[in-house]
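Take a look at the structure set out below.
The values are calculated or read from the model by the stated rules, or taken from the named source; none is laboratory data. Just so we're clear, the structure is a prediction, and the values are computed from it rather than from any experiment. In this analysis, Cβ positions are derived from the backbone assuming ideal geometry, glycine residues included, and neighbour counts consider all displayed protein chains. Note: areas computed on protein heavy atoms with side chains; ligands, DNA, RNA excluded. Shrake-Rupley method; radii C 1.70, N 1.55, O 1.52, S 1.80 Å.
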Amino acid sequence: MPVTIYDVAREAKVSMATVSRVINGTAVVKDETKKRVQDAIARLGYRPNAVARGLASKRTRTIGVIVPDVSAAFVAEMVRGIEDIATMYDYHIILVNSDAQVDREVSLVGTMWEKQVDGIIYMTNVLSQKEIDAFEEAQIPVVLCATEDPERRIPSVNIDNYRAGRDAVNFLLEKECKEIAFVTTEEGASVVADRRLQGAQSRMRDQELHVIRTGQGRYEVALGIIREYLEKHPLDGVVAASDELGLATIHAVQDIGRHVPRDVKVIAFDNTRLATMIRPEMTVIAQPMYDFGAVSMRLLTKLLQDEPVDNYSVTLLHNILERKST
């Protein structure tokens, strides 16, 4: 991975702005600090971006978009919303993939700083203090997209994931399901998934909610875990934290010779193409994926243009689309 200005700042224990001042000679820096930065540059083999240096303090009409997985259907629809609004306001986007790795995410913030982007739209599974620190050092406007910040320190666009989890379980209870499971990731792997689980658990007062953990929530791993759980537990309802986990659930039910929805009813989150490509088609808690991107980009333009902002934490509506899996 290329060395970024953030890596130099961390090595020298200074801000990215200080590193920039040393490189560009735009302000007086203490000799001791200057040497520390220069030594860090030498040790890491950092090569400053000449284009970025020439653009210092100028607007580039460019927005950085950092996402965990550019190949995910959820992300593709969201990015389309970002791009449409960006084009409307005469911005270009730089899209990068972080692989949901904190160190890479932090490094990419530094990369965006070097590229002199005007703002960042950021999507991650878990927002860490390292990332918060990188935002503060970069001093670039950031909007979180479909990402939860429990402390609401950063402008964001999301749904009410806690309420959505309650709604999903309530839907299955109204279908007279008695043994309900929530299929999700490992605890802490996704703040959004954890919030949905908390909401689901809050609705189950008189019954136990089974919880099936599937690592990072990938189909290939989840399928075997869910199948094994179903063989040991007579479930009749499942809430899946994503369409991918919903797909794995339906296949696991079918693998053990049971029927969806007659034996097990399944509802999933997201409403990507996967939901309608499987048979039976999945009932979903539908998220406004395009709107996540479009509203995030519009909020960012307001921040960049110093327009009035009524709400820095925007909550979009979700809804239930009933299909054949329930």
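Points worth noting:
- Dimensionless Rg over Rh [the chain; C-alpha; Kirkwood]: 1.06
- Spatial separation of Cα centroids for segment 59-133 and segment 146-202, in angstrom: 24
- Residue-by-residue Karplus 3J(HN,Hα) for segment 71-76, coefficients 6.51, -1.76, 1.60, Hz, glycine and proline x: 7, 5, 4, 4, 5, 4
- Point-charge dipole on Cβ atoms (K/R +1, D/E -1) for the chain, about Cα centre, debye to 20: 640
- Cβ-derived FRET efficiency at R0 41 Å, Arg273 paired with Leu303, nearest 0.05: 0.80
- Residue-wise HN-Hα couplings along segment 99-111, as the Karplus relation 6.51 cos²θ - 1.76 cosθ + 1.60 with θ = phi - 60° gives them from phi, are 6, 6, 9, 4, 4, 5, 4, 5, 4, 5, 4, x, 4 Hz; Gly and Pro carry x.
- Rolling a 1.4 Å probe over the protein heavy atoms gives the chain an accessible area of 47 Å² per residue.
- Phi angles of segment 89-96 translate, via the Karplus equation with coefficients 6.51, -1.76, 1.60 and θ = phi - 60°, into HN-Hα couplings of 9, 6, 10, 10, 10, 10, 9, 10 Hz per residue; Gly and Pro are given as x.
- Debye log10 I(q)/I(0) at q = 0.28 Å⁻¹ for segment 142-182, Cα point scatterers: -0.91
- Rounded if a/c under 1.5, otherwise prolate or oblate - segment 151-236, Cα gyration tensor axes: oblate
- Extension gain, Arg59 to Glu220: 0.36 nm times the residue separation minus the Cα-Cα distance gives 53.5 nm.
- For the chain, modelled as a GNM whose springs connect Cα atoms under 10 angstrom apart, the maximal fluctuation among Gln201, Gln139, Gln287 occurs at Gln139.
- Shape of segment 64-209, Cα gyration tensor, a/c cut at 1.5: prolate
- Cα-derived Rg to Rh of segment 215-326, Kirkwood definition: 1.15
- Based on the reciprocal of the average 1/r between different C-alpha atoms, the Kirkwood radius for segment 241-301 equals 12.6 Å.
- A Gaussian network model of the chain, with springs between Cα atoms under 10 Å, assigns the largest mean-square fluctuation among Gly199, Gly293, Gly45 to Gly45.
- Carbon and sulfur %, accessible surface of the chain computed with the full protein complex present, 1.4 Å: 47
- Calculated from the alpha-carbon coordinates, segment 286-326 shows an Rg and a Dmax of 14.4, 47 Å respectively.
- Structure-based [θ]222 nm, the chain - -39500 (n - 2.57) summed over DSSP H runs of at least 4, per residue, nearest 500: -14000 deg cm²/dmol
- Largest accessible area first, the listed residues Tyr229, Tyr312 line up as Tyr312, Tyr229 when surface is computed with a 1.4 Å probe on the assembled protein chains.
- Net charge in the neighbourhood of Tyr162 (other residues with Cβ under 9 Å of its Cβ; Lys, Arg +1, Asp, Glu -1) is +3.
- FRET efficiency for Asp103 and Ala17, using Cβ-Cβ distance with R0 set to 22 Å, rounded to 0.05: 0.55
- Near the amide H of Ser313, within less than 5 Å, lie the amide hydrogens of Ser156, all on another chain or at least 5 residues away, with H placed in the peptide plane.
- For the chain, a Gaussian network of Cα nodes joined below 10 Å ranks Lys178, Lys232, Lys115 by mean-square fluctuation, and the top entry is Lys232.
- For Leu321 and Leu44, the FRET efficiency from 1/(1 + (r/R0)^6), where r spans their Cβ atoms and R0 equals 51 Å, is about 0.55.
- Over 23 Å (Cα to Cα) - which of Lys175/Lys324; Lys13/Lys130; Lys30/Lys115 fall in this group: Lys30/Lys115
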